[in-house]
Amino acid sequence: MTPSRQDKTRRHKAGGKPQAKPDRPRKGGHAAARADERRKSPPSGDKQNERRSRQPEPQWIALRDGDRPAERVPSILQSVCADGFHLIDSGHGLKLEQYGDYRIVRPEAQALWPPLLDEKTWANADAIFTGDTDEDGMGRWRFPKAALGETWPLRIMDIDFLGRFTSFRHVGVFPEQVAHWQWMRDALKNASGRAAGAPKVLNLFGYTGVASLVAAAAGAEVTHVDASKKAIGWARENQALSGLDDRPIRWICDDAMKFIEREQRRGNQYDIILTDPPKFGRGPNGEVWQLFEHLPKMLDLCRAILKPDALGFVLTAYSIRASFYSVHELMMETMRGFGGVVESGELVIREGGLSGNEPGRALSTSLYARWLPQ
């Protein structure tokens, strides 16, 4: 259940002005029409029973005892720029970003407003993602100026890593997460020497490992879990680029739920847990992950492997149709009796213009809920 970001999701017309997403022709022809007819006609009793029998059983968990934590809502965590990255402009369902030496254009459904910058600026991008604009959709990159290699060097928070033009429109890093990584780095540094041994961090759905490398550089012993062998290989490349080969990082290709179930049985515990699950995915052996079905149990298991004096527990959710209050209330119930505070809201990136230093509009990227000891 631990797909990489490429399995997770959370993609202009050539040389032209940013445009709203066009209406796409319906796929499937007569087959789609027949499917519509089936949807219009109520299924028979037998078919209804058959469908019910195929529905997965809910994964019930018991309500925990104790008082709910304190709460801080809504909480907006904002990033403007981070080293080689900044959001230049957005609008008409697109975003114009700077990643190191490259200026790229990708779809962004949240950008409902018109762009601030002119057509010429947008057309001057180095790479433009084309194809399916849904988060789950695949597509390809177009390079208007010159053909670019698959990878290029990037640096965020003193971590060197590779950007990569993937078929799922992502490039190997989610800069809005810098708000969480800065908190984590500070928490780890402040906790140094409080107990024997290095603080332990578990990074579930770890993707290309930037968060894991930030934690390792801050002195943590890190366990990084992802179901994609390709993502694990990419993360190992990033470790070497950052000069952190000597740091204690376990790179584990596994299903997230199975892994934390084993950790609970073993009695292993962590100071910080980061979890960034997709809305749908598959594990290395075909395990199915459905966020709304499996998330409560996952959080419950994560709580069970948090140390009593843990430093934090972070959940980020992309591309789901839900209010941040949904994940907030779930985290509040999960952490009953644990004390501390739950803060929840959205991660946003603020436009920085061409220079990166001209704060403009805020673009929402994801929901989050974060438990802290105080």
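What follows is calculated from the coordinates using simple rules that are stated; it is not laboratory data. Predicted, not measured: the structure shown is a model, and the values here were computed from it. With ideal geometry, Cβ positions are generated from the backbone for all residues, glycine too; neighbour counts draw on all protein chains shown.
List of remarks:
- For segment 90-104, the Karplus equation 6.51 cos²θ - 1.76 cosθ + 1.60, evaluated at θ = phi - 60°, returns couplings of 8, x, 6, x, 9, 9, 10, 10, 10, 10, x, 7, 10, 9, 10 Hz by residue, with Gly and Pro reported as x.
- Expressed in Å, the radius of gyration and Dmax of the Cα atoms of segment 100-243 are 17.6, 58.
- Using 0.36 nm per residue and subtracting the Cα-Cα separation, the extra length available between LYS145 and ALA240 on full extension is 31.1 nm.
- A Förster distance of 51 Å, applied to the separation of the beta-carbon atoms of LEU354 and ARG250, puts the FRET efficiency at 0.75.
- Stokes-Einstein diffusion coefficient of segment 231-374, Kirkwood radius over Cα pairs, 20 °C, 1.002 mPa s, in µm²/s: 124
- Cα-based shape type of segment 329-374, given that a ≥ b ≥ c are square roots of the gyration tensor eigenvalues and the cut on a/c is 1.5: prolate
- If the chain linking TRP60 and ASP186 were pulled fully straight, counting 0.36 nm for each residue of separation and taking away their Cα-Cα distance, it would gain 41.8 nm.
- Once the chain from ARG68 to ALA196 is taken as fully extended at 0.36 nm per residue, the excess over their C-alpha distance is 43.1 nm.
- Karplus 3J(HN,Hα) series, Hz, for segment 213-225 with 6.51 cos²θ - 1.76 cosθ + 1.60 (x for Gly, Pro): 6, 4, 5, 5, 5, 8, x, 8, 8, 10, 10, 10, 10
- In the frame of its principal axes, segment 169-242 has Cα extents of 41, 23, 22 Å, reported largest first.
- Built amide H within the under 5 Å cut-off of TYR99, gap 5+: ILE104
- Pairs of Cα atoms in segment 143-192 fall into 10 Å distance bins, from 0 up to the last occupied one, in shares of 20, 40, 25, 11, 3 percent.
- Rounded to whole numbers, the Karplus 3J(HN,Hα) couplings from phi for segment 359-368 are x, x, 6, 9, 10, 6, 10, 6, 9, 8 Hz, using 6.51 cos²θ - 1.76 cosθ + 1.60 with θ = phi - 60°, and x at Gly and Pro.
- Long-range HN-HN contacts of LEU306 with modeled amide H, under 5 Å: TYR270
- Cut-off 14 Å between beta-carbons: net charge of the residues surrounding VAL80, Lys and Arg +1, Asp and Glu -1: -4
- Cβ-Cβ FRET estimate between GLU261 and GLU119, R0 fixed at 51 Å, reported to 0.05: 0.45
- Stokes-Einstein, applied to the Kirkwood radius of segment 233-314 over Cα pairs at a viscosity of 1.306 mPa s and 10 °C, places its translational diffusion at 111 µm² s⁻¹.
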